[in-house]
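Before any comments, here is the structure.
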Amino acid sequence: MMGYGRRAARYQCEGDEANVRPPNPPFEPDPVPAKNYASDLVAHADAITQSRSGERTRLNLLAAGARLLDKSGYRDLNVAGICEAAEQAKGTFYVYFETKERFLLELLRSYVPYELTTYPQLSPKMSAYPATKIWITWYERTFAQNAGILRCMVQRSELDPDVQRIWHERNRHLVDRAVHEVVSRLTRQPKDPELLRNAIRATGGMLDQSLFERSRIHAGPGLERMDGEHLIELHSILSYRALYGRNPPRGEVPTRLRPLLDLP
């Protein structure tokens, strides 16, 4: 993935402002790299030194399921496939999980706190637009790295009330964190905190719909044909305008997108 600093340098060579460099390079520091939950589960399993560990087997089964979800939908996931991918006998699965549905529930429930641990640490001194861009970059890349789990979570939430609660809990935690980040960068406290919260939920919904289409969760207007980095730039500008009521600093926006700042 191209770092923000390198992309910023490239943008300085475009358009009429080729020789103008903002005093502060935009979008630094780089966001925390997106992480894959299946790889994290395997790393935790490998860290267990006991030669015959039930916890290591359980983690490897969960990791195998997560990786299979990246390749196919949850309906196509089956116990035999999970055990084959984890190099375990089929009967071993039922030592740890009663059914495939219970297996999925545990996988999805454990993903939520994991995702929150990967949230980028943003300095309170960072200005609002770079912070917005880093948050959106983290969210989009983390979603892409764990699309199978999140696709399963969204689709199963329409059928299973327990999964729906997990999905809503995840979103509530993310909105809480986003509210904190926005409020910390406002010059005065919002008069209506609930209105701000709803605005964040609405802009987050826009972001989710774009990701749902690109991750084959729901059909959409064709955004899967667009470059992911370009969409990050667009979502950052639109979210910033919606939440802060103004344009981002012109020098921190790529030249090709600056015409958007001229729209009323």
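Quote the charge dipole size of the chain about the Cα centre in Debye, to the nearest 20; the model charges only the Cβ of Lys and Arg (+1) and of Asp and Glu (-1).
340
Around Ala47, what is the net charge, scoring Lys/Arg as +1 and Asp/Glu as -1 over all other residues with Cβ under 12 Å from its Cβ?
-2
In whole Hz and in residue order, list the ³J(HN,Hα) couplings for the stretch 145-161 that follow from phi through the Karplus curve 6.51 cos²θ - 1.76 cosθ + 1.60, θ = phi - 60°; x for Gly and Pro.
Couplings: 6, 10, 4, x, 5, 5, 4, 4, 4, 5, 6, 5, 5, 7, 10, 10, x Hz.
How much of the calculated P(r) for the stretch 114-264 lies past 26 Å, in percent of all Cα pairs?
Of the Cα pairs, 27 percent sit more than 26 Å apart.
Could you compute the FRET efficiency for Val175 and Asn78, with r as their C-beta to C-beta distance and R0 at 35 Å, rounded to 0.05?
0.50
Too long at a 23 Å Cα-Cα cut-off: which of Lys35/Lys133; Lys71/Lys100; Lys35/Lys100?
Cα-Cα > 23 Å for Lys35/Lys100; rest within.
Rounded to the nearest 10 degrees, what's the angle between the helix 193-214 long axis and the longest principal axis of the chain, both from Cα atoms, 0 to 90?
70
Gain in length, Asp70 to Glu98, computed as 0.36 nm per residue apart minus the alpha-carbon separation, to one decimal in nm?
Extra length from Asp70 to Glu98 when fully extended: 7.8 nm.
How tilted is helix 54-71 with respect to the longest principal axis of the chain? Cα atoms for both, answer in degrees (0 to 90, nearest 10).
60
How much accessible surface does Lys133 have with a 1.4 Å probe, in Å² rounded to 10?
0
Could you give the length gained by full extension between Arg165 and Lys191, i.e. 0.36 nm per residue of separation minus their alpha carbon distance, to one decimal place? Can you show the working numbers first?
Numbers: separation 26, 0.36 × 26 = 9.36 nm, distance 2.98 nm.
Going from the current span to full extension adds 6.4 nm.
Using square roots of five times the C-alpha gyration tensor eigenvalues, list the equivalent-ellipsoid semi-axes of the chain in whole Å, biggest first.
Working: eigenvalues 296, 78, 62 Å².
In descending order the semi-axes read 38, 20, 18 Å.
Loop only by DSSP, 10 or fewer other Cβ within 10 Å of the Cβ. Give me the GluC sites (Glu not before Pro) in the stretch 124-182 that pass, ordered by residue number. Intermediate results must be reported in sequence, preceding the final value.
Numbers: sites: Glu140, Glu158, Glu169, Glu181; in loops: Glu158.
Counting only loop positions with at most 10 other Cβ atoms within 10 Å, the GluC sites (Glu not before Pro) in the stretch 124-182 are Glu158.
Carbon and sulfur: what percent of the chain's accessible surface (1.4 Å probe)?
After summing per-atom areas, the C and S share lands at 52 percent.
Take the Cβ-Cβ distance between Leu260 and Glu224 as r, set R0 to 30 Å, and report the resulting FRET efficiency rounded to the nearest 0.05.
Values: r = 21 Å, r/R0 = 0.71.
Result of the calculation: an efficiency of 0.90.
May I ask you to derive the FRET efficiency for Glu158 and Ala242 from their Cβ-Cβ distance with R0 = 35 Å, giving the value to the nearest 0.05?
Working: r = 27 Å, r/R0 = 0.78.
That pair, Glu158 with Ala242, gives E of 0.80.
Give a residue-ordered list of calculated ³J(HN,Hα) values for the stretch 114-119 (Karplus: 6.51 cos²θ - 1.76 cosθ + 1.60, θ = phi - 60°; whole Hz; x for Gly, Pro).
Working through the residues one at a time gives 4, 4, 5, 5, 8, 4 Hz.
What ranking of Met153, Met226 comes out by heavy-atom accessible area, probe 1.4 Å, highest first?
Met226, Met153
Quote to one decimal, in nm, the extra length available between Arg216 and Ala202 on full extension: 0.36 nm per residue of separation minus the C-alpha distance between them.
Taking Arg216 through Ala202 to full extension adds about 2.9 nm, to one decimal.
Whole-Hz Karplus ³J(HN,Hα) for the stretch 247-264, in order, using 6.51 cos²θ - 1.76 cosθ + 1.60 and θ = phi - 60°, x for Gly and Pro?
Once θ is set to phi - 60°, the couplings for the stretch 247-264 become 6, x, x, 4, x, 9, 10, x, 3, 5, 9, 5, x, 4, 5, 8, 6, x Hz.
The values are calculated or read from the model by the stated rules, or taken from the named source; none is laboratory data. Only a predicted model underlies this, so the values are computations on that prediction, with no experimental measurement involved. No Cβ is skipped: glycine too gets one built from the backbone with ideal geometry, and neighbour counts run over all protein chains shown. Areas reflect the complete protein model, heavy atoms only, side chains present, ligands, DNA and RNA absent. Shrake-Rupley method; radii C 1.70, N 1.55, O 1.52, S 1.80 Å.
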